[in-house]
Amino acid sequence: MQSNGDQKFEAVVIGVSTGGVAALKIILGSLPEDFPLPVMIVSHISPDSDNGLALLLDSHSPLRVKEADEQEAIVSGTIYLAPPNYHLLVERGRTLALSVDPPVNYARPSVDVLFETAAEAYGRSLIGVILTGAGSDGSNGLLNIKNNGGLVIVQDPDDCEMDSMPLSALQLLKADYVEPLCKIASLLAKHAG
C-alpha cells in the first residue's frame, strides 16, 4: 500500500492495450462527474482508426473525453486520448504535444512516451495506471513515475484480458496498488480529493 500521506495529485496517466476498450469504459464510466484531475490515456489502437474511441468513451463517461490536440493546455476534469499513430507527450509547461517519432516498444502511440514525459512535468503529483495489454509498453514509464515519487496502480493480472503489460510492470517495480478493474476508479477518486 502507498505511504504518500497527504500527497496532492494533479494528473493521471493510463496505459492500456488488448482489452482496453472494455477496461476504459468501466474506469471512465465509474469516475465521479466532479473528478478534478486531467486524465491522459494511451491505448494501442490501429493507425488507421478515426476518433471513434474518443466518441465511444465520451458517451460512457460523465467527464469530457476527447482526442488530444497539439499544444493543447491540460484542463482538469478532462480526459485526453492519444490520437491514432501519434505519440502523446506532456510538456513541462503542462501542455500536450503530439509526435510522429518512430514507434517505442513497437507502438505509436507508446505508453512509455506519455508516462516518461508526464513524470518529468508532474513529478510526485502524478498517478500512473497500467491496465490490460500485451507486451511490455509502459513498464519503464511506470518505473519513471515511481522513481519521481508518483503513485503507481497496476491492474491485477488475474483480472486482465491480456496480462503481459501488468506482469511486465510488476516484474520491474513494486506497485502501490494491484487491484481489479472494478476498484480502480474509486482508488483514483480517493487520491484525487
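A few notes on this one:
- Pairs linking a residue in the stretch 102-115 that is in a loop (DSSP other than H, G, I, E, B) to a residue that is of a type in the set (D, E, K, R), with Cβ atoms under 8 Å and 6 or more positions apart or on different chains, are 102/108; 105/112; 105/137; 106/137; 108/101; 110/137.
- Total residues in the stretch 70-84, condition over 17 Å from the mean Cα position of the chain (by Cα) and either under 23 Å from residue 165 (Cα atoms) or of a type in the set (A, V, I, L, M) (or both): 1
- Among residues of the stretch 170-185, those that are of a type in the set (Gly, Ala, Ser) and either over 15 Å from residue 36 (Cβ atoms) or not in a helix (DSSP H, G or I) (or both), counted: 1
- Boolean, residue 77 is in contact with a Leu (Cβ under 7 Å, 6 or more places away or on another chain) and surrounded by fewer than 21 Cβ atoms within 10 Å (Cβ to Cβ): yes
- From the list 25, 66, 8, the one residue that fits, being among the basic types (Lys, Arg) and assigned to a loop (DSSP other than H, G, I, E, B), is 8.
- Scoring residue 128 on the criteria (1) farther than 22 Å from residue 192 by Cβ; (2) not in a loop (DSSP other than H, G, I, E, B) leaves a single failure, condition (1).
- The listed residue being over 22 Å from residue 6 (Cβ atoms), crowded, with 24+ Cβ neighbours inside 10 Å, in contact (Cβ under 8 Å) with a residue 24 or more places away in the chain and in contact with a strand residue (DSSP E or B) (Cβ under 8 Å, 6 or more places away or on another chain), out of 130, 145: 130
- Cβ-Cβ contacts under 8 Å between residues 6 or more apart (or on different chains), taken from a first residue in the stretch 62-74 that is at positive phi to a second residue that is at pLDDT 95 or above and among the hydroxyl-bearing types (Ser, Thr, Tyr), are listed as 71/95.
- Residue within the stretch 166-179 that is small (Gly, Ala, Ser), under 25 Å from residue 10 (Cβ atoms) and in contact (Cβ under 8 Å) with a residue 60 or more places away in the chain present: no
The values are calculated or read from the model by the stated rules, or taken from the named source; none is laboratory data. Computed from a predicted model, the values in this text were never measured in an experiment. When we count neighbours, we look across all protein chains shown, and the Cβ atoms used for this are built from the backbone with ideal geometry, even at glycine.
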